[in-house]
Amino acid sequence: MSTSLFAFDDYPVPEPLWYDKFWIPKKCTNQKEKNHYIFQIGQYRSNLRHAIQTSTTSDHKIKAAEAFLALLVDLSVQAKDNDKISRNDCYFQWRPCLNADLSEFMQCSAFEMDLSMAFITLAAMYSNSACDEIAKTDVELETKISHAAQRLRQAAGIIDYLLINVTEKWTALPKGRPTETVKPVLQALKLIFLAEAEQLAIVKGLNSGQTSVSVLIKLLRHVSEQYEQADTLLASLSPFDTKLLTPEVRLFVQTQIILTRAHTCKYLAETAYKEERYGEAVGYLKKATDSLNIFNSGDVGEGFGLVNLQNLARAEHEKIKEQYRIYKHENDTIYFSPVTPEAELKYPQPKQLFSSIEFTLPALPVSRVDLRAS
């Protein structure tokens, strides 16, 4: 068994913005120092934009995103309910990463949108860095799987933090915000990240040979369950957000549902075969083969790692189809065991392996200035 990870084809991109034009400390001591601190937030926003557009390394992008996010969160904390800072009207502009039209910048006057997009950018970078870990050729498989799974759990933790500290409190959602800032999409992303981390752990367990098949089946059941929950969340979007969201995100999730269910049936079939329950083994493989037939019709999407995932699904289909042919032939000619109908096939309870890694706000890249001081 192998897997293919969700890959962000593009990161959210912020339009340049100089916060000192909009967030202005009222006249007080150290006025110049306070103005410069706010000015630096705009500089770090530009640094992030530059890193996204030019940097080739995940770590450099992550550092730029963390530095900007730390300053932005500090500004939000200091400006909240503070009469020492006044805000002029302004719009925060970002190019989203999950919209059907990735060329369009979206603007919104809500500061929550600016915060949300900064968090989402960092989560996307951690997710893509997991893809980079898996692609390494000079690192042992178990090591790079462990590193990649940790990055995915960190990405899930960032989404957790965003949901609790920003999304839950942002009640008046304007229509001008990117679809990835909507609660169901964020919840779905978190589930995708955690499901992928568990898939990697399953690959590691199979490779090491030290994890029992019965445990791996339970883990696969939980992976499927998480993808199913993500699909339900994406299906719950309003017509407006459904139109905004690129369909490839949900296609990726639905492909993973089919593939992980098929893998579950494959390992259940092998277990049943070893225990001489031949008709049951054929029943599981028939279900797996039938479900994977959908990938014979060609590609249904290109972005977000879909091509690799669909190629993987087709390869798995050929393997499982051949396994089904062998099992069926043996049962038809040797064992003559009644094939278990699909409705009577049984599955074990899911087993959860991972949870999110709690996110801690990164350190400020510059010395903090208290904007609230008189």
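Using a Gaussian network model of the chain with C-alpha springs under 10 Å, which one of Leu345, Leu163, Leu72 is most mobile by mean-square fluctuation?
Leu345
Please compare each pair in Lys190/Lys319; Lys144/Lys266; Lys328/Lys351; Lys218/Lys346; Lys136/Lys319 to a cut-off of 24 Å on the Cα-Cα distance and tell me which ones are over it.
Lys190/Lys319; Lys144/Lys266; Lys328/Lys351; Lys136/Lys319
Full extension from Glu225 to Gln349: what is 0.36 nm times the residue separation minus their Cα-Cα distance, to one decimal in nm?
43.6 nm
At a threshold of 8 angstrom on Cα-Cα distance, excluding pairs fewer than six apart, so keeping six or more, what relative contact order does the chain reach in percent?
22
If the elastic network links every pair of Cα atoms under 10 Å, which of Tyr19, Tyr347, Tyr278 fluctuates the most in the Gaussian network model of the chain?
Tyr347
Restricting to DSSP H runs of at least four residues, report the calculated mean residue ellipticity at 222 nm for the chain, -39500 (n - 2.57) per run over all residues, nearest 500 deg cm²/dmol. Don't skip to the answer; put the middle values down first.
On the way: 10 runs with 219 residues, N = 374.
About -20500 deg cm²/dmol.
Would you grab the residues whose amide H sits under 5 Å from the one on Asn99? Only those 5+ places off in sequence or on another chain, please, with H modelled 1.01 Å from N.
So Asn99 has HN proximity to Thr246.
Once you put a point 7 Å from the Cα of Lys319 and another 7 Å from the Cα of Ser208, both along the Cβ direction, what distance in nm separates them?
Each label point is offset 7 Å from its Cα along the Cβ direction, giving 2.0 nm.
With +1 assigned to the C-beta of every Lys and Arg and -1 to the C-beta of every Asp and Glu, and no other charges, what is the dipole magnitude of the chain about the Cα centre in debye, to the nearest 20? Provide the component values of the computation, followed by the final result.
Working: 42 positive and 46 negative charges, 189 e Å.
It comes to approximately 900 debye.
Give me the accessible area of Ile62, 1.4 Å probe, in Å² rounded to the nearest 10.
Ile62 exposes around 10 Å² with every protein chain in place.
Using a 1.4 Å probe and counting only protein heavy atoms, arrange Leu115, Leu353 so the residue with the most accessible area comes first. Working shown, then result.
Details: Leu115 15, Leu353 80 Å².
From most accessible down to least: Leu353, Leu115.
Work out the length of the dipole vector of the stretch 231-374 about its Cα centre, built from +1 on the beta-carbon of each Lys and Arg and -1 on the beta-carbon of each Asp and Glu, and round it to the nearest 20 debye.
On the way: 17 positive and 19 negative charges, 47 e Å.
The dipole of the stretch 231-374 has a size of about 220 debye.
Rounded to whole Hz and in sequence order, give me ³J(HN,Hα) for the stretch 94-104 from the Karplus expression 6.51 cos²θ - 1.76 cosθ + 1.60, θ = phi - 60°, writing x for Gly and Pro.
9, 8, x, 10, 10, 6, 4, 9, 7, 8, 8
Considering the dipole of the stretch 55-144 built from charges on the beta carbon (Lys and Arg +1, Asp and Glu -1) around the Cα centre, which of Ser76, Ala130, Leu141 is farthest to its positive end?
Ser76
Between Val307, Val249, Val223, where does the largest GNM mean-square fluctuation fall for the chain, given springs only between Cα atoms within less than 10 Å?
Of Val307, Val249, Val223, the Gaussian network model singles out Val307 as fluctuating most.
Calculate one ³J(HN,Hα) per residue across the stretch 120-128 by plugging θ = phi - 60° into the Karplus curve 6.51 cos²θ - 1.76 cosθ + 1.60, and present them in order as whole Hz with x for glycine and proline.
Ordered by residue, 3J(HN,Hα) equals 5, 4, 5, 4, 5, 5, 5, 4, 5 Hz.
List the residues whose amide H sits under 5 Å from the amide H of Val13, counting only those 5 or more places along or on another chain, with H placed 1.01 Å from N in the peptide plane.
Under 5 Å from the amide H of Val13 lie the amide H atoms of Arg95, each far enough along the sequence or on another chain.
I'd like the GluC sites (Glu not before Pro) in the stretch 206-292 restricted to DSSP loop residues with at most 12 other Cβ atoms within 10 Å, sorted by number.
Numbers: sites: Glu225, Glu228, Glu248, Glu270, Glu275, Glu276, Glu280; in loops: Glu275, Glu276.
Loop-located and lightly packed - Glu275, Glu276.
Which entry in (1) 82, 58, 39; (2) 91, 43, 34; (3) 72, 54, 34 is this structure's computed Cα extents along the principal axes in Å?
(2)
Could you grab the relative contact order for the stretch 88-247? Cα pairs under 8 Å, six or more apart, rounded to a whole percent.
Over the stretch 88-247, the number comes to 27 percent.
Ignoring ligands and nucleic acids, what accessible area does Glu33 show with a 1.4 Å probe (Å², nearest 10)?
Probe radius 1.4 Å; accessible area of Glu33 about 100 Å².
Using a Cα-Cα cut-off of under 22 Å, which lysines could be cross-linked to Lys32, ignoring same-chain neighbours fewer than 8 residues away?
Lys32 reaches Lys21, Lys80, Lys84.
Apply the Karplus parameterisation 6.51 cos²θ - 1.76 cosθ + 1.60, with θ equal to phi minus 60°, to every residue of the stretch 337-349 and state each ³J(HN,Hα) to the nearest whole Hz, in sequence, with x for glycine and proline.
So the J values, rounded to whole Hz, are 8, x, 6, 5, x, 4, 5, 9, 5, 10, 10, x, 5.
The values are calculated or read from the model by the stated rules, or taken from the named source; none is laboratory data. Everything numeric in this text was worked out from a predicted model, so none of it was measured. For neighbour counting, all protein chains shown are included, and Cβ atoms are generated from backbone atoms with ideal geometry for every residue, glycine included. Protein only, heavy atoms only, side chains kept; ligands, DNA and RNA dropped before computing areas. Shrake-Rupley method; radii C 1.70, N 1.55, O 1.52, S 1.80 Å.
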